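Novice: One structure, pasted below without further comment.
Just so it is clear, none of the values below were taken in a lab; they were calculated from the coordinates. Keep in mind the model is a prediction, meaning the values are calculated, not measured. As a convention, Cβ positions derive from the backbone with ideal geometry for all residues, glycine included, and neighbour counts pool all protein chains shown.
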Amino acid sequence: MSKNTKGFVLYQGPSMLDGSPVALIATLKSANRKTGNMVQTWIIRSDISPVEAVKSGCDASICGDCPLRGNGQGKGRACYVNVGQAPGAVYRAYKAGKYDMDPGYFAIRQALHGRKLRVGAYGDPAAVPSDIWRVLTNWADGHTGYTHQWRTADGLKGLVQASCDSEADALLAYSKGWHYFRVTTNATTMLPNGERNCLAMLHPGKATCETCGLCNGQRANILIEAHGSGKKHHQG
């Protein structure tokens, strides 16, 4: 693997959610203080920018029926991701050919060796074939991930957390065998099934997703206070 490699294109093909063209891209360096320097993966439409995808409703190809999308025209979004920032930069670099389009198994495995993987820094992992995630997480030294498609994405169970926005959703996901990640406006009220507060939010600057690793679909039910640019729209 070249020292100058910024990232890899890991998948280009139809979305598993609606068949539209998507790309899965891994970037190797991150300055995200909450997650740490994990290998980040981005699921984007391969034909239009993330900003245009949100405005046109085409982000359904990568976000499915996530309630945080808003009205499908960019209004009322509660998602913490600002698509004009990191996802937009990833899309522009992708279109400019700055990522390795055909890295091969050895290069990918080498890049993940000893590193933690963030499954879906943007986009729902259910948009990509689950077999790809199982290979990548097997090669990585730990991972985190979340899906709002937990009602239908059985192939991701035990691999990522069910993203839940209410107590009712959390209890339902747990009854179906998922560990979950619940976003709420009141992180002091916990359900009696072993919920734990997100350490990266409790101890900013000390704990990160990279050092914690509880959100790997197998270890814990996590509670977090609504945060990010869409916090004001969150009703949970």
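Novice: For the chain, find the longest principal axis of its Cα atoms and tell me its angle to the long axis of helix 86-95, 0 to 90°, nearest 10.
Specialist: 20
Novice: So which of K34/K206; K34/K157; K116/K206; K95/K116; K75/K98 end up more than 21 Å apart, counting from Cα to Cα?
Specialist: Beyond 21 Å: K34/K157; K95/K116; K75/K98.
Novice: Considering the dipole of segment 7-233 built from charges on the beta carbon (Lys and Arg +1, Asp and Glu -1) around the Cα centre, which of A168, G97, Y180 is farthest to its positive end?
Specialist: G97
Novice: Counting only DSSP beta bridges with both residues in the chain, what percent are antiparallel, rounded to the nearest 5?
Specialist: Of all bridge pairs located within the chain, approximately 40 percent are antiparallel.
Novice: About the Cα centre of the chain, what is the dipole size in debye to 20, counting +1 per Lys and Arg Cβ and -1 per Asp and Glu Cβ, all else neutral?
Specialist: 700
Novice: Taking Cα atoms of segment 1-81, Rg/Rh with Kirkwood Rh, to two decimals?
Specialist: Radius of gyration relative to Kirkwood radius: 1.02.
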